[in-house]
Amino acid sequence: MYLDEQKLEEGFQGERLYKLPTGVFEEFMEHPLVRRLYLTDVGFYPKAKHHYMERNVGIGENIFFYCVDGEGTICIDGKRYKLHAKEAFCIPHDQKHCYYADKEKPWSILWVHFSGEDTSLYSLDTYKVVSFHSRHATNRMLYLFDLLFQVLEEPYSLGNFAYMTQVLALILSDTYLKERKEEASGNVHVSNIIRYMNSHLEENCTLDDLSEKFKLSKSYLNVIFRKYTKKSPIDLFVSLKMTEACKLLKTTDMYIYEVANAVGYKDPYYFSKIFRKVVGTSPTEYKGGNYIHIEM
């Protein structure tokens, strides 16, 4: 035992608890939309004083928790993870574990047991406490779980099973895939600079120009562009120019030198050299051939 107490009966005033009889609806579970991600149990335990659960061999499903308020602890492989308000955690399937509410500030938790082919997409086995900093996070999570509760009170049908799959995917995506505001500053800069580049393809911006305009160091610009685009800022700008040039070559009657001017190259020969390097063929061959260039 992780605690000097026995497993306590679950049952809390105001709780909501639903068990989905997945074994009865095997035909639904085999549907491509459902088998990718499906829940078996879901609930809400408010102010769950004395809440304690221990499983020595784990269960076949993953267990997702979102702490609405209060505190609690989750134990896996001898490690303890404290869960506070506006934090989420997932216990991977088949892992020995226990969890319990704090004695002084018992948690209120939303939880769901789930499985499916797409669970590997969410990095559930990292044992990471995910913190939400948006002031709307808890309201959003309560809303999403309430959608599950509502549909679980309706007749069991393939449509409702598929609907629950989509809601569960949104819960997991919101937790594990959506970039947090506090983590996204670099991506915001990259997005803004790419928008600027796309609206100034006829110009020739240097790294110094971008650094001065956006008040960011050149080294930082290189780091964030490598992280989010796998290219340097200038290489990406050139790629955007060549993508636009390809579009003009295929959709207009412009001459090569006119296309070169449109994307910021006064020397058509230098433009042709860069075009061939990026696209793999000359502008003339591209215009008259059966080519499509979509790389950025």
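The values are calculated or read from the model by the stated rules, or taken from the named source; none is laboratory data. Model, not experiment: these values are computed from the prediction. Quick reminder, even Gly has a Cβ in these numbers, built from the backbone with ideal geometry, and neighbours come from all protein chains shown.
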Hits in the range 24-44 (condition: surrounded by fewer than 21 Cβ atoms within 10 Å (Cβ to Cβ), part of a strand (DSSP E or B) and among the β-branched types (V, I, T)): T40
Tabulated pairs, the range 45-62, first assigned by TED's automatic domain parsing to the domain that holds H84 and within 19 Å of V112 (Cβ to Cβ), second part of a strand (DSSP E or B) and among the acidic types (D, E), C-beta under 8 angstrom, 6+ apart or interchain: E61/D41
Residue among K250, K227, K277 that is under 20 Å from R195 (Cβ atoms) and modelled with pLDDT under 95: K227
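Look at the range 20-34 and say how many of its residues are under 28 Å from the mean Cα position of the chain (by Cα) and either more than 20 Å from Y143 (Cα to Cα) or not assigned by TED's automatic domain parsing to the domain that holds A162 (or both).
Kept after step one, since they are under 28 Å from the mean Cα position of the chain (by Cα), are these residues of the range 20-34: 20, 22, 28-34.
Then keep just the ones that are either more than 20 Å from Y143 (Cα to Cα) or not assigned by TED's automatic domain parsing to the domain that holds A162 (or both); that gives 22, 28-34.
Qualifying residue count, the range 20-34: 8.
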Residue match in the range 147-170 (condition: buried (at least 20 other Cβ atoms within 10 Å of the Cβ), of a type in the set (A, V, I, L, M, F, W, C), within 18 Å of the chain's Cα centre (by Cα) and within 21 Å of G58 (Cβ to Cβ)): yes
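Rundown of residues vs (1) assigned by TED's automatic domain parsing to the domain that holds D41; (2) of a type in the set (D, E); (3) buried (at least 16 other Cβ atoms within 10 Å of the Cβ); (4) within 30 Å of P32 (Cα to Cα), yes/no style:
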| position | (1), (2), (3), (4) |
| --- | --- |
| G70 | yes, no, yes, no |
| C75 | yes, no, yes, no |
| K82 | yes, no, no, no |
| A85 | yes, no, yes, no |
| A88 | yes, no, yes, yes |
| P106 | yes, no, yes, no |
| F114 | yes, no, yes, yes |
| Y122 | yes, no, yes, yes |
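Could you check the range 244-278 and list, in sequence order, the residues that are of a type in the set (F, W, Y), outside any helix (DSSP H, G or I) and either in contact with a Phe, Trp or Tyr (Cβ under 6 Å, 6 or more places away or on another chain) or touching a residue at least 60 places away in the same chain (Cβ under 8 Å) (or both)? Give the derivation first.
Our first condition is that a residue be of a type in the set (F, W, Y); within the range 244-278, this holds for 255, 257, 265, 269-271, 275.
Cutting the leftovers down to outside any helix (DSSP H, G or I) gives us 255, 265.
Matches in the range 244-278: Y265 only.
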Test: residue in the range 202-212 that is surrounded by fewer than 17 Cβ atoms within 10 Å (Cβ to Cβ), modelled with pLDDT under 95, within 23 Å of H189 (Cβ to Cβ) and under 29 Å from the mean Cα position of the chain (by Cα): no
Residue within the range 180-190 that is surrounded by 12 or more Cβ atoms within 10 Å (Cβ to Cβ) and under 30 Å from L39 (Cα atoms) present: yes
Selected residue (only one of V129, V151 is touching a Phe, Trp or Tyr at 6+ places or on another chain (Cβ under 6 Å), free of Cβ contacts under 8 Å to residues at least 24 places away in the same chain and either under 21 Å from Y18 (Cβ atoms) or not small (G, A, S) (or both)): V151
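Which members of the range 45-61 meet the condition of being part of a strand (DSSP E or B), touching an Asp or Glu at 6+ places or on another chain (Cβ under 9 Å) and surrounded by fewer than 22 Cβ atoms within 10 Å (Cβ to Cβ)?
Here is the first cut: in the range 45-61, the ones part of a strand (DSSP E or B) are 45, 52-55.
From what is left, the residues that are touching an Asp or Glu at 6+ places or on another chain (Cβ under 9 Å) are 45, 52-53.
If the condition is that a residue be part of a strand (DSSP E or B), touching an Asp or Glu at 6+ places or on another chain (Cβ under 9 Å) and surrounded by fewer than 22 Cβ atoms within 10 Å (Cβ to Cβ), then Y52, M53 are the ones that fit.
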Members of the range 113-149 found to be out of contact with any Leu (no Cβ under 6 Å at 6 or more places or on another chain) and among the charged types (D, E, K, R), listed by number: E117, D125, K128, R135, R140, D146
Residue list for the range 236-256, restricted to those being closer than 18 Å to H200 by Cα and either polar (S, T, N, Q) or out of contact with any Ser or Thr (no Cβ under 9 Å at 6 or more places or on another chain) (or both): F237, V238, S239, L240, K241, M242, T243, E244, A245, C246, K247, L248
